[in-house]
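Here is the structure we will look at, set down as structure tokens.
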Amino acid sequence: MARQAGSAMKMATNSPIVNRMRLIAFILAIIITFLGAFYLHFAWSRYGQNASTEAIVLAQSAEAMLHPAHIDMLSGDLSDLHSAEYQMAKRSLQRLVNVANPIRFAYILAIRNGQIIFLMDSEANDSSDYSPPGQVYTEAKEEDWIPFQTGTVVLTPAMTDRWGTWISALVPIEDPDNGKVIAVLGIDYSASDWYRALWQRMIPDGIVVVSVLILTFALLRIWMLHSALKDQSKKLAYDEALYRHVFSNAPIGIAIVEDKQFVTQSRYSNMNMNPMFERILGRTNQELAKISWLDITYPEDLQMDLEQFAQFKAGKIDGYVLEKRFIRPDGSTIWTNMIISHLSGSPDRRDIHLCLLEDISARKEIEYALRESERSKSVLIANLPGMAYRCRYDEAWTMLFVSDGCMTLTGYSPDSLINNRDISFNELILPQSRDILCDEWRRVLNQREVFRFEYEILTKSGERKWVLETGQGVFGDEGNVQVLEGIIVDITEQRKSQEQITYLQEHDLLTGLINSNHFDKVKNGIDVSDNWPLSLVIIDINGVRMINDAYGHAEGNNLIAVVAKLIQSCCRKDDILARTGGDEFSLLMPRTSSVDANRIAETINDSIDRYNRTITNAHYQVSLCMGQSTKESAGQSFDEVTQMAEYQLKNRKLLNQRSSHNAIVASIMATLYVKSQESEAHCLRLAKLTRMVANELGSSQGVLDDIELFAMLHDIGKIGVDGSILNKAGSLTEEEWAQMKLHSEIGYRIATSTPALEHIAAYILHHHERWDGSGYPSGLKGAEIPLPSRILAVTDAYDAMTETRVYRKALQPSFALEEIENHAGSQFDPDIALLFVRLMRERINKTASTQDEEG
């Protein structure tokens, strides 16, 4: 009860009402204390004023007993000691000190030579404090001068000099005739005695003030306690109402138990068991009064309860918590979380204790379901075809849980990977996949998606396996990734099967090269600025159909396979070679200029030539035609590049004797060779010479092929000229010359009417134009003449001069070159003419040097 009262008082002193009363009491205490202090100050001032008045009155009375005439007769030096006036005045001062006990010193001051001196004092001549006549008062203060200056009485504050600290009363002694101050009577009171007397007078007043304060504070304290108790009574009434409401409506069962029986009646209170306790057990208060808790405890839980209850009764434990089952009237059981503890502050004996029950049947059902779920999950995980995991989201993918499938998948036991004991999972991932895997996880976690990714791992035995990982992040309340969970399965066999299928879909079975469909995809993907210049070479095998017809398709296929290997052997690391037709290949070369592409094409031709030299049967020798084009910038579409390569390939086929496209050219040239002196050798020489010059000028492969075809067919129009004119040994008449000039126009019409030749028709038309404009048929001059026509004009003149004709013998090459130099700028383009002369002289000199070495 004392503890309860103390607790109640403590609560009361902390209430808002009490705090408010404390503030009021504090303010009242300050006011009363201030009034008491004011009263004491007033009393002190009053007593001080009274003492001052008494001192001044006493000093004035003493001054009245002195004779001013006697004082005025004193000289203020030692000679006064023998005068009767001095002796009389000194005796008066000594009687004053002896009669008025509080007075310590009495003395008379005068001014001599601007200084205050002692005329006499009340001390005996042999006293240590004695001041002889004429002694200068060196400690004189401003207050000591006032009586001399104003003639008024002065009571000084406490002042210190060589004799101590004093309060002095100074009374002027005036000449009765003229009122002039002739001296000042001083009376000194000890400052300590003066204040001690004042304090003695203040004692009754202090006692009164202290008594009033004590009484006031006592009344305030009583008032505060009364108010606090009044407030506490209200609070206790509220708490009791709140307790009754909480007890009756608590979501847990509450009951008072005596030993093994439920308490249903008590002399202190009727609140011994709340309704929730009755509902949990399914029994009323009256029913529980007739039974003990032993009767309704589930048998399997009884022993454990009794053991702990025995320790509780023996005082070994203060209480205990137990999950146990009770039997309800219908025979069903209910799971409860039971708390047993002492009833603190109970007036009854120790056997009384508190029992709290919480219905946990629903939680137990959930726990059972979770256990079953965990068991099922464990069975499922144990039989998964891969490895289930839970790991941290860090660089090592630190595993927190790994299923037994880890051994089959990686060769490592699950414990080896847990917390990176022997190896981290990141170390199993092939290095080239690690950064990609991190980036993909980062992406799906940012978007809260499911992770799905395929990559390779290296097992403990060194085997490489393809795995498929599917997982997701587990996020905390703040959105941060806590762990990752998922499953990793072995897809090596599926991957191999898929790779085989993909390989068959993308590759040509005969050559092993990528096929046309896949080449189109690769071509679109590789056409980016980083790969420019991007060159394309289209390669066609001549005569495959003839081999198929003569020797069977097996031989034709063998030829195609051989050519594929030969071409592939000339390719670089980043080059892409595909079989894009029956006898056609396409070669993509990133970061390759037109010049480099021509060089690679020549390398392929050289490889073919080396192969052909190993073949004895001419029918099995390989002949290729190639068309090449290069994309230099974004201004070109790759379709245009492809079209240009195909266009060049078509021109090459026209020139290749083993190509079916050559039939047109061959039939026209055959007719021309029969009809005129033009020989195939002459055309071949011109083709070689013109190509040499064009190549030196840096012409593209397409221009070189066009010039070569043009050189072969430049005189194709002569088939329309009478043979007698063509083969006439002497000079031609004007009429005959006019007929001869028509051959360029006839050749132009033949070329324009043949789709395969129309692109060189203009070259044929103007190949007899002259630099100075005197040529035919259009009289073009200078750069108006097409470049191939200007090149052919030089090479044709040289070949004509250096070959024997019916009407003259061949000229020496040196003479022919001089002639060309002489006509540079008139008949021939000067730059081309001089270039041709330089190239031919280099060739002649090289040939002569070689012959000398051989000789």
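The values are calculated or read from the model by the stated rules, or taken from the named source; none is laboratory data. Note that the structure is a prediction, hence the values are computed from the model and not measured. Note: ideal-geometry Cβ built from the backbone for every residue, glycine included; neighbour counts use all protein chains shown. The area values use the complete protein model at the heavy-atom level, side chains included, leaving out ligands, DNA and RNA. Shrake-Rupley method; radii C 1.70, N 1.55, O 1.52, S 1.80 Å.
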For this session: Using a 10 Å cut-off on Cβ atoms, rank the peptides 759-771, 598-610 from the highest mean neighbour count down.
Result: 759-771, 598-610
Problem set entry | Rounded if a/c under 1.5, otherwise prolate or oblate - the chain, Cα gyration tensor axes | oblate
Exercise. If we sort 177-189, 292-304, 495-507 on the protection proxy, mean other Cβ atoms within 10 Å, highest first, what's the order?
Worked result: 177-189, 292-304, 495-507
Exercise. Given H placed on each backbone N at 1.01 Å, which residues far from PHE828 in sequence or on other chains put an amide H within less than 5 Å of it?
Worked result: TRP771
Seminar exercise, completed: Rh_Kirkwood(the stretch 510-550) over Cα pairs, Å, one decimal, evaluates to 13.0 Å
Exercise. Packing-wise, with mean Cβ within 10 Å as the measure, how do 98-105, 411-418 rank, highest first?
Worked result: 411-418, 98-105
Seminar exercise, completed: Check: C-alpha center the stretch 696-754 vs C-alpha center the stretch 72-101, spacing in Å is 172 Å
For this session: Sort out for me the Cα centre separation of the stretch 811-840 from the stretch 384-459, rounded to whole Å.
Result: 78 Å
Problem set entry | Length added when fully stretched, ARG112-LEU458, from 0.36 nm per residue minus Cα-Cα | 112.1 nm
Exercise. Of all the accessible heavy-atom surface of the stretch 777-852, with the other protein chains kept in place and a 1.4 Å probe, what percent is carbon and sulfur?
Worked result: 50 percent
For this session: Report, to the nearest whole %, how much of the accessible area of the stretch 83-213 belongs to carbon and sulfur atoms, 1.4 Å probe, protein only.
Result: 54 percent
For this session: Once every Cα of the stretch 680-784 carries one equal point scatterer and solvent is ignored, give the base-10 log of I(q)/I(0) from the Debye formula at q = 0.12, 0.13, 0.23 Å⁻¹, two decimals.
Result: -0.45, -0.53, -1.33
Exercise. So how compact is the stretch 488-556: Cα radius of gyration and Dmax in angstrom?
Worked result: 18.0, 58
Seminar exercise, completed: Taking placed amide H atoms and a strict 5 Å upper bound, the residues 5 or more places from ARG112 or on another chain that come that close are ILE117
Problem set entry | Surface accessible to a 1.4 Å probe, per residue, for the residues of the chain, Å² | 54 Å²
Problem set entry | In degrees, nearest ten, helix 431-446 long axis to first principal axis of the chain (Cα) | 60 degrees
Exercise. At a 1.4 Å probe, what is the % contribution of carbon and sulfur to the accessible area of the stretch 486-626?
Worked result: 48 percent
Seminar exercise, completed: For the chain, the longest principal axis of the Cα atoms and the Cα long axis of helix 662-675 enclose an angle in degrees, to the nearest 10, of 40 degrees
Seminar exercise, completed: Computed D for the stretch 539-634, Stokes-Einstein, Kirkwood radius over alpha-carbon pairs, 20 °C, 1.002 mPa s, to the nearest µm² per second, is 151 µm²/s
Exercise. Taking θ as phi - 60°, what are the ³J(HN,Hα) couplings along the stretch 193-204 by the Karplus curve (6.51, -1.76, 1.60), each to the nearest whole Hz, with x for Gly and Pro?
Worked result: 5, 4, 6, 5, 5, 5, 5, 4, 5, 7, 4, x
Exercise. Add -39500 (n - 2.57) for each DSSP H run of 4 or more in the chain, then divide by its residues: what number comes out at 222 nm, to the nearest 500 deg cm²/dmol?
Worked result: -17000 deg cm²/dmol
Seminar exercise, completed: Residues whose built amide H sits under 5 Å from the amide H of ASN420, excluding neighbours closer than 5 in sequence, are MET399
For this session: Taking all pairs of distinct Cα atoms, average 1/r, flip it, and tell me the Kirkwood hydrodynamic radius of the stretch 55-183 in Å to one decimal place.
Result: 14.9 Å
Exercise. Expressed as an acute angle from 0 to 90° and rounded to the nearest 10, what is the orientation of the C-alpha long axis of helix 680-696 relative to the principal long axis of the chain?
Worked result: 20 degrees
Exercise. VAL57 to THR165: FRET efficiency via 1/(1 + (r/R0)^6), r the Cβ-Cβ distance, R0 35 Å, to the nearest 0.05?
Worked result: 0.95
